[in-house]
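Everything on this sheet refers to the single structure shown next.
The values are calculated or read from the model by the stated rules, or taken from the named source; none is laboratory data. Just so it is clear, the structure is predicted and the values come from calculations on it, not from any experiment. Here the Cβ is made from the backbone with ideal geometry for all residues, glycine too, and neighbour counts use every protein chain on show. Accessible surface areas use protein heavy atoms only, side chains included; no ligands, DNA or RNA. Shrake-Rupley method; radii C 1.70, N 1.55, O 1.52, S 1.80 Å.
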Amino acid sequence: MAEPDPHLIHHLEQVIMHLLNRRAATASICPSEAAREAYEGDDEGWRALMEPTRQAAWHLAAAGKVQVTQSGHPITDSNTPGPIRIRRTPSP
């Protein structure tokens, strides 16, 4: 799969962090929330941002800023199928 525009990934990373910063420290978000927030239209076009949003989440995870979870458990394989959630990396 081709890497999306780095500017788009950076923007989506900012959107993810903004959404997480507005929530409780232990809260998580669905990638679709970030895709909808980043999309500037009022139709279903946000769906095209889902894969770039997932990639942005994995970039943030690699930087240690977030954890990507599935069924409440951290996962590390970016090829894991199925729904994921994004949460801030817990403080030690």
Exercise. So how many residues does the range 63-75 have that are loosely packed, with under 12 Cβ neighbours inside 10 Å, farther than 9 Å from residue 13 by Cβ and free of Cβ contacts under 8 Å to residues at least 24 places away in the same chain?
Worked result: 3
For this session: State whether the residues of the range 54-61 include one that is in contact with an Asp or Glu (Cβ under 6 Å, 6 or more places away or on another chain), in contact (Cβ under 8 Å) with a residue 12 or more places away in the chain and of a type in the set (Gly, Ala, Ser).
Result: yes
Problem set entry | Among residues of the range 1-36, those that are at pLDDT 95 or above, closer than 23 Å to residue 81 by Cα and among the charged types (D, E, K, R), counted | 3
Problem set entry | Filter pass, residue 34 being buried (at least 16 other Cβ atoms within 10 Å of the Cβ), among the small types (Gly, Ala, Ser) and in contact with a helix residue (DSSP H, G or I) (Cβ under 9 Å, 6 or more places away or on another chain) | yes
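Okay, residues lined up against (1) loosely packed, with under 14 Cβ neighbours inside 10 Å; (2) acidic (Asp, Glu); (3) more than 21 Å from residue 18 (Cα to Cα):
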| residue | (1), (2), (3) |
| --- | --- |
| 78 | no, no, yes |
| 81 | yes, no, yes |
| 84 | no, no, no |
| 87 | no, no, no |
Problem set entry | Failed criterion for residue 19 (all others in (1) in a loop (DSSP other than H, G, I, E, B); (2) open to solvent by less than 80 Å² (accessible area, probe 1.4 Å); (3) not charged (D, E, K, R) hold) | (1)
